[in-house]
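Trainee: Dumping the structure here so I can ask a few things about it.
The values are calculated or read from the model by the stated rules, or taken from the named source; none is laboratory data. Remember, predicted model here, so these are calculated numbers, not experimental data. Note that we place each Cβ from the backbone using ideal geometry, even for glycine, and neighbour counts take in every protein chain shown.
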Amino acid sequence: MAEGYVDLGYSPDDDDLVCMFRVEPAEGISLREAAVHLTAESSIGTWTDVCTMKESVLTRLKPTIYSMDEARGLVKVAYPLELFELGSVPQFMSSVTGNVYGMKAIENLRFMDMTLPKKYVKSFPGPEHGIKGVRKLLGVRDRPLVGTIIKPKVGLPPKDHARVAYEAWVGGCDIVKDDENLTDQRFNRFDARVKLTLQALRKAENETGERKAYMANITAETNEMLRRMKFVKKNGGTYAMVDVLTIGPSALQTVREANEDMSLVLHAHRAMHAALTRNKRHGITMLALAKLYRLIGMDQLHIGTAVGKMEGPQEEVMGIRDEIVSDDVPAAEDRLPQRWWGMKPVFPVASGGLHPGHVPKLMEFMGNDVIIQMGGGIHGHPGGTTKGAMAARQAVDAVRDGKTLEEYGGTHPELAEAVRKWAPKQ
């Protein structure tokens, strides 16, 4: 039975759901043995032969290990699609990232990537707005969007929060968002914050002639999240932000379904992702998680920066970007191929320790389709929030005009101040 899972001559069928794992076997266990244990546990197997295992089950549902790279520990498994519930991310994760992490035969396990067949992809809604929809909403078609996060993360009362948001918008930010841990604390109640901040947004729009957006963090127990979404919509908001890992895929799918009636742009903050993604020998890649969030239907997703304060090399960040914006993603060294069959792309968000001095590099490798979010890099400007937002927009304009930040700063003192403060820390 065990060896029946291995067929290195097998070529996956178009309807197979293919997963790639990096496996470190426990001491005394071969990669082949560990791969068999993994494959059985994630599908139809158990720890011993059982009388209930029918030949018909084996024929229909047995997955196949079709590739094993001994040098790198990479194992590729083709699962019959029938093993998976269509339209359910929780069931998918319970299968391929569930009990397998607790097996004694495996010392370390990293879920690298998957190729999802057309029928599975089509069972999910994907983003409602995507890149084009967000650009249409904000009226910005040919440059990166510039955003900020209110700082300090927590502590400001609603009135001060709204004031800081207004200062950022009039300085040139397109977007202002709550931080991941600001929800409905005593010092800053959600309803009051949303009302006052959206009032500030409308004032900023009237003064600048630009469309603006506020991402209210609705993260909470599921029913409360739905209430908060309705509150945002009722008060004229166009966005809802959610901490996608901490609420879990089931609640996230509920949010996406409820949004059919509200049509808010859904912004995905990846708080807690590094608990799963950072250890290169164990856990789950951000690439795999990003694909699941595209399926569920997030319109925007934090993907890292490759610069700034957060961990994540450029190659990894760009791989995630390609996966969420492209319709046909080719295979790479640590990535499986994926077609999306017309599912809308997700707007990549770069955030984490950024300042205007990082903009040229970010635009060099991410292009125009990126939302550049700066927190301290705007509010920490020597001239304050408004001048910090001006400097951020000026940095984008400098790159688009083919000028260095220093050249552009010669006629734009806000950018010059930012460069002087942060250039040595890039």
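Trainee: When V134 is evaluated against the numbered criteria (1) part of a helix (DSSP H, G or I); (2) over 20 Å from S250 (Cα atoms); (3) free of Cβ contacts under 8 Å to residues at least 40 places away in the same chain, which criterion, by number, is the only one it fails?
Mentor: Going through (1) part of a helix (DSSP H, G or I); (2) over 20 Å from S250 (Cα atoms); (3) free of Cβ contacts under 8 Å to residues at least 40 places away in the same chain one by one, V134 breaks only (3).
Trainee: Quick one: which residue in G297, G319, G304 is in contact (Cβ under 8 Å) with a residue 60 or more places away in the chain, of a type in the set (G, A, S) and buried (at least 19 other Cβ atoms within 10 Å of the Cβ)? Steps first, please.
Mentor: Working: G319 fails: in contact (Cβ under 8 Å) with a residue 60 or more places away in the chain; G304 fails: in contact (Cβ under 8 Å) with a residue 60 or more places away in the chain.
When all the criteria are applied, what remains is G297.
Trainee: Confirm whether D327 is in contact with a Phe, Trp or Tyr (Cβ under 9 Å, 6 or more places away or on another chain), of a type in the set (D, E, K, R) and at pLDDT 95 or above.
Mentor: Details: in contact with a Phe, Trp or Tyr (Cβ under 9 Å, 6 or more places away or on another chain): yes; of a type in the set (D, E, K, R): yes; at pLDDT 95 or above: yes.
So D327 passes the test.
Trainee: Within the group I378, I324, which residue is free of Cβ contacts under 8 Å to residues at least 40 places away in the same chain, of a type in the set (A, V, I, L, M) and either surrounded by 22 or more Cβ atoms within 10 Å (Cβ to Cβ) or over 30 Å from D14 (Cβ atoms) (or both)? Let's see the steps before the verdict.
Mentor: Numbers: I378 fails: free of Cβ contacts under 8 Å to residues at least 40 places away in the same chain.
Within the list I378, I324, the selection yields I324.
Trainee: Do we find a residue being among the β-branched types (V, I, T), within 24 Å of A331 (Cα to Cα) and either surrounded by 21 or more Cβ atoms within 10 Å (Cβ to Cβ) or outside the structural domain of L287 (by TED's automatic domain parsing) (or both) anywhere in region 107-130?
Mentor: Scanning region 107-130, I find at least one residue that is among the β-branched types (V, I, T), within 24 Å of A331 (Cα to Cα) and either surrounded by 21 or more Cβ atoms within 10 Å (Cβ to Cβ) or outside the structural domain of L287 (by TED's automatic domain parsing) (or both), so the answer is yes.
Trainee: Of everything in region 381-416 that's closer than 26 Å to P152 by Cβ and among the polar types (S, T, N, Q), which residue is surrounded by the fewest Cβ atoms within 10 Å (Cβ to Cβ)?
Mentor: For region 381-416, the residue satisfying everything is T386.
Trainee: If you don't mind, another one. Quickly run through region 336-356 and pick out the residues that are modelled with pLDDT of 95 or more and not hydrophobic (A, V, I, L, M, F, W, C).
Mentor: Result: P337, Q338, R339, G342, K344, P345, P348, H355, P356.
Trainee: Just to be sure before I move on: is A391 touching a Leu at 6+ places or on another chain (Cβ under 6 Å) and farther than 28 Å from E315 by Cβ in the structure I sent?
Mentor: Working: touching a Leu at 6+ places or on another chain (Cβ under 6 Å): yes; farther than 28 Å from E315 by Cβ: yes.
Yes.
Trainee: Being crowded, with 18+ Cβ neighbours inside 10 Å and more than 20 Å from A391 (Cβ to Cβ) is the filter here, so list the residues in region 133-152 that pass it.
Mentor: Those that are crowded, with 18+ Cβ neighbours inside 10 Å and more than 20 Å from A391 (Cβ to Cβ): V134, R135.
Trainee: Considering (1) closer than 11 Å to T219 by Cα; (2) crowded, with 22+ Cβ neighbours inside 10 Å, say which one L266 fails and leave the rest.
Mentor: With respect to (1) closer than 11 Å to T219 by Cα; (2) crowded, with 22+ Cβ neighbours inside 10 Å, L266 is out only on (1).
Trainee: Would you check if A350 is surrounded by 22 or more Cβ atoms within 10 Å (Cβ to Cβ), in the same structural domain as A288 (by TED's automatic domain parsing) and not in a helix (DSSP H, G or I)?
Mentor: So A350 passes the test.
Trainee: Within the bounds of region 161-170, is there any residue that is surrounded by 19 or more Cβ atoms within 10 Å (Cβ to Cβ), within 17 Å of R211 (Cα to Cα), assigned by TED's automatic domain parsing to the domain that holds E323 and under 18 Å from the mean Cα position of the chain (by Cα)?
Mentor: For region 161-170, residues surrounded by 19 or more Cβ atoms within 10 Å (Cβ to Cβ), within 17 Å of R211 (Cα to Cα), assigned by TED's automatic domain parsing to the domain that holds E323 and under 18 Å from the mean Cα position of the chain (by Cα): absent.
Trainee: Here's another thing I want to ask about it. For the list (1) out of contact with any helix residue (DSSP H, G or I) (no Cβ under 8 Å at 6 or more places or on another chain); (2) surrounded by 17 or more Cβ atoms within 10 Å (Cβ to Cβ), I need the number of the one condition that Q253 fails.
Mentor: (1)
Trainee: Cβ-Cβ below 8 Å, separation at least six or inter-chain, first residue in region 182-202 and over 13 Å from A165 (Cβ atoms), second assigned to a strand (DSSP E or B) and not hydroxyl-bearing (S, T, Y): which pairs?
Mentor: T183/N217; F190/A216
Trainee: A further question follows. Quick one: which of A71, A162, A168, A78 is in contact with a helix residue (DSSP H, G or I) (Cβ under 9 Å, 6 or more places away or on another chain) and either assigned to a loop (DSSP other than H, G, I, E, B) or more than 22 Å from R228 (Cα to Cα) (or both)? Reasoning before the result, please.
Mentor: Numbers: A71 fails: in contact with a helix residue (DSSP H, G or I) (Cβ under 9 Å, 6 or more places away or on another chain); A162 fails: either assigned to a loop (DSSP other than H, G, I, E, B) or more than 22 Å from R228 (Cα to Cα) (or both); A78 fails: in contact with a helix residue (DSSP H, G or I) (Cβ under 9 Å, 6 or more places away or on another chain).
The match here is A168.
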